Structures are given as C-alpha cells and as structure tokens.
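First comes the structure, then the notes that go with it.
The values are calculated or read from the model by the stated rules, or taken from the named source; none is laboratory data. All values derive from a computational prediction rather than experimental measurement. Cβ atoms come from the backbone with ideal geometry, glycine included; neighbour counts cover every protein chain shown. Calculation scope for accessible area: heavy atoms of the full protein, side chains included, ligands and nucleic acids excluded. Shrake-Rupley method; radii C 1.70, N 1.55, O 1.52, S 1.80 Å.
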Amino acid sequence: MYKVLCFVFSAVMLVSCTARTEMPGFSIFDRSAMNEAVQVSSDALIEDVSVVRLDTSDGAPVLGMIEDVCESENAYYIISSETVYEYAKDGSFVRRIGAKGRGPGEYLNPRGIGVSGGRLYVFDYNTQNILTYGEDGSFIGSSSKSALMNSGIYITSFFFSGGDMILYASSNSPVQDMLRWDAATDGLTAVSERSREMMPEEVMMGENYIFGDRDNPFIYNNFNDTVYVLEGGRPVPAMLMRLGKYRFEYGDLTFDGLMSLSAGRLNFLWIAAAGENILIAYSVVNLGDESSAFLGLYNTRTGEYSQNVEITGIPEDFAVITPAERLFEGMQDDELLSVRPVSDTGDEYVIIKYRFK
C-alpha cells in the first residue's frame, strides 16, 4: 500500500485546472516559499497518544521493516519482513499467521492486510491471491486474482470500505484503476476506468492512494492531482492536491542532460487522514543533491495548508510524527497507527496509536 513514487517538476509549473476551479485545492510544494518549519502543537491536533510495547520474550518474532498494520477489536496484525504476525492488545505475541510458501494458507509477498466480519484478509502481491483466515489464525481459503494478470490488470493492494473490499491496480494496468470484490460471490466489478482524456468524473492513469473515512474514503490520484470520494460506488471529485508536472525535452533524457537540470524531484511517501486534517509526507531532491523530507498539513474545514510543519509536544521522543515514519489507518476514522523501534538498536518495538481531534 506504500510504494514510493517519483515526480519531476519545474519550479513554477503547476497543473492547469481551469475545468475544475470550483473545487478547493492547494499545491503540495512551492519552492519559492521555502522557509523554516512551522511548529504546530500536538495539543491542537491530537486528543491522545497511547503506546503498546511489543513482546520481546522467547518465541516472539524479531521485527524488521514494517509493510502494513491493521487493528481489530481484539488484536493488532503486522506485516514485517514478508510475514504476518498477530499481537494481543496488551502487546503480547499471539501467533504467526500463515507462512512463506506457495501452499494452502501460504504467501510470498504480503502487501496488504485488513479485518472485516471477524476475518483477516491478506493480499499476496506475487500470486495476486487474497487469503482469508479466522480469528484463531486458521486458514479458511483463498481467492485467486491471477486471471487478472492475463488481462493485463495487476492489483497493488486493497482497502476495506463499508464492508466492501476495494482493489486498486498498479499504474501499468491498462483497463481499470479500481475494482470492488464481493467475498461471497468472488466477483469483481469496476469502480473506475482509465481515461487518457482525463475526464474529471473518473479516476485516471496513475497510482491511487486510499485513506481516511472507512465508509467513504478519500481516493487520491496523483496523475491528475484529484481527490475523490465514493458516491453510489463511483468516484466523485472533491478537491485538488496539486503536485505539478515537469515537461522534458528529448535532449534532456540522457544522464548528462538530467544532471544539468536545476529542477527538483518530489518523492511522495504517504498520506493519512488525521481528524479534520490531512498529513502529507514527501521528500524533495535537487538532482545530484541529498533529499529533504517534509510533512505537509492541510485542514479540510478551513482550507489552510502548510507545506512544512513540525508537530511538537508529543510526550515520548520515539512517538514524534516525522515524514520518515509511515502512519497507517486505525480502526476508527480519527485514529492513526505506527509501529517503530524505541531506539536505534531495534531491540524493542512499540505500537503507537494517535487519536486526532
């Protein structure tokens, strides 16, 4: 669900949005407005921060890179180092879910997890399978989406919305961007279709980020800078988050040509809905230079946006929100989760839950 995407853009060129000027919107990054970070007190954004220390006793796993996290009423589920683990709400280790392999209940590269109706769903990117497990970790069955690959559609991951599973395709899939999966019938229906003419009522070419309200999620498509909501099972434009685009000349498409460009490259890291705010993590790289990471903050009620903020006043140092630390959607719409080590040694991990105002 969090593939880092690269965009190259000029200093002042923004997308032309004349057909959609009635929508609220903002530019994610403006190099002409570079300044020190705006300090925002956590008291103004966050209602509560809770920390659960994860089990480090014998038999508990040694966590590595965290790919995804989700929460049920009774447990936390974590994808780490291509393995799915279950922890109780007090942080004690419960079990490993499934195993690496190609057999029943096994996966090769789990990319997404979600809980619905008392069942855990795991999406295996390599096999394009959705595996289903019970609350006791037992394997129930799998639904193969490998037939989609034969048609050129390749699923990236999924998102639960109102009990439905929304599958979204990678940028090189030629037909649908998003599909809805019915677990009872194993049927797929298109939520949106690609349009090279970029009609505003459809989600277009590009990658999709789904975040926020579980019953009516935000869907951000970075190719046309548009944020959609689902209405009647179809995406409806709601606002613009402009990244800007860069136009290459043919002669620039060489190593020397690219290195001579003075423009920057923007790496989109993650988006998360935080109460009435949206957090946007990204980094900007001037070609040949080191990158600078930023945390943007957009208020959906007031329309105010700061492209570089620092959230201060969070009690625990390791719980500070930075662009480098991915935040995942919590069980409630105003919650975000993070799994990270307490120190640089990586001996102890914690689950941090932020509840936003």
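How about segment 75-149: which trypsin sites (Lys or Arg not before Pro) there are in a DSSP loop, with at most 12 other Cβ atoms within 10 Å of their Cβ?
Passing sites in segment 75-149 are 102.
Amide H neighbours of residue 47 under 5 Å, counting only residues 5+ apart in sequence or on other chains, H built in-plane at 1.01 Å?
355, 356, 357
Given a Förster radius of 35 Å and the C-beta distance between residue 31 and residue 140 as r, what FRET efficiency does 1/(1 + (r/R0)^6) yield to the nearest 0.05? Could you put the intermediate results ahead of the total?
Values: r = 51 Å, r/R0 = 1.46.
So, using R0 = 35 Å, E works out to roughly 0.10.
Give me a comma-separated list of calculated 3J(HN,Hα) values for segment 153-158, in order, Karplus coefficients 6.51, -1.76, 1.60 applied at θ = phi - 60°, integers in Hz, x for any Gly or Pro.
Residue by residue, segment 153-158 yields 8, 10, 6, 8, 5, 9 Hz.
State, to one decimal in nm, how far the label point of residue 41 lies from the label point of residue 301, with both points 7 Å from Cα in the Cβ direction.
The two pseudo-label positions are separated by 1.7 nm.
Using alpha-carbon pairs under 8 Å, 6+ residues apart, how would you state the relative contact order of segment 24-89 in percent?
The normalised contact order for segment 24-89 reaches 19 percent.
Modelling each spin label as a point 7 Å along the Cα-to-Cβ direction, I'd like the residue 74/residue 51 distance in nm, to one decimal.
2.9
Normalised by the number of residues in segment 52-115, what is the relative contact order in percent for Cα pairs under 8 Å and 6+ residues apart?
Relative CO of segment 52-115 lands at 30 percent.
Pop out the ³J(HN,Hα) list for segment 329-342 in order, Karplus 6.51 cos²θ - 1.76 cosθ + 1.60 with θ = phi - 60°, rounded to Hz; leave Gly and Pro as x.
5, x, 6, 9, 5, 9, 10, 10, 10, 9, 10, 7, x, 6
Once amide H atoms are placed 1.01 Å from N in the peptide plane, what residues at a sequence separation of 5 or more from residue 282, or on another chain, have their amide H within under 5 Å of its amide H?
269, 294, 296
Net charge around residue 123, counting only other residues with Cβ within less than 12 Å of its Cβ (Lys, Arg = +1; Asp, Glu = -1)?
Residues close to residue 123 contribute a combined charge of -1.
Quickly rank 311-319, 35-43, 177-185, 274-282 as a protection proxy: mean count of other C-beta atoms within 10 Å, highest first.
Final packing ranking: 274-282, 177-185, 311-319, 35-43.
Assuming R0 = 51 Å, what is the FRET efficiency of residue 320 and residue 189, from their Cβ-Cβ distance, to the nearest 0.05?
0.75
Note the full-extension length gain between residue 331 and residue 348 as 0.36 nm times their separation in residues minus their Cα-Cα distance, in nm to one decimal.
Values: separation 17, 0.36 × 17 = 6.12 nm, distance 2.37 nm.
Length gained, residue 331 through residue 348: 3.7 nm.
Rounded to the nearest 0.05, what FRET efficiency do residue 355 and residue 231 have when you use their Cβ-Cβ distance and R0 = 35 Å?
0.80
Taking θ as phi - 60°, what are the ³J(HN,Hα) couplings along segment 313-321 by the Karplus curve (6.51, -1.76, 1.60), each to the nearest whole Hz, with x for Gly and Pro?
x, 6, x, 8, 4, 6, 9, 4, 8
Do you know the relative contact order of segment 302-357, to the nearest whole percent, from alpha carbon pairs under 8 angstrom that are 6+ apart?
24
Using a 1.4 angstrom probe on heavy atoms only, work out the carbon and sulfur share of the accessible area of segment 46-127 in %. Provide the component values of the computation, followed by the final result.
Details: 1520 of 3640 Å².
With neighbouring chains kept in place, the figure for segment 46-127 is 42 percent.
What are the residues whose amide H is under 5 Å from the amide H of residue 64, where those residues sit 5 or more places off or on another chain and H is modelled from the backbone?
Under 5 Å from the amide H of residue 64 lie the amide H atoms of 81, each far enough along the sequence or on another chain.
To the nearest Å, what is the center-to-center distance of segment 311-341 and segment 87-129, using C-alpha atoms only?
23
Counting other Cβ atoms within 10 Å of each Cβ, which GluC sites (Glu not before Pro) in segment 51-82 have at most 12 and sit in a DSSP loop?
Counting only loop positions with at most 12 other Cβ atoms within 10 Å, the GluC sites (Glu not before Pro) in segment 51-82 are 73.
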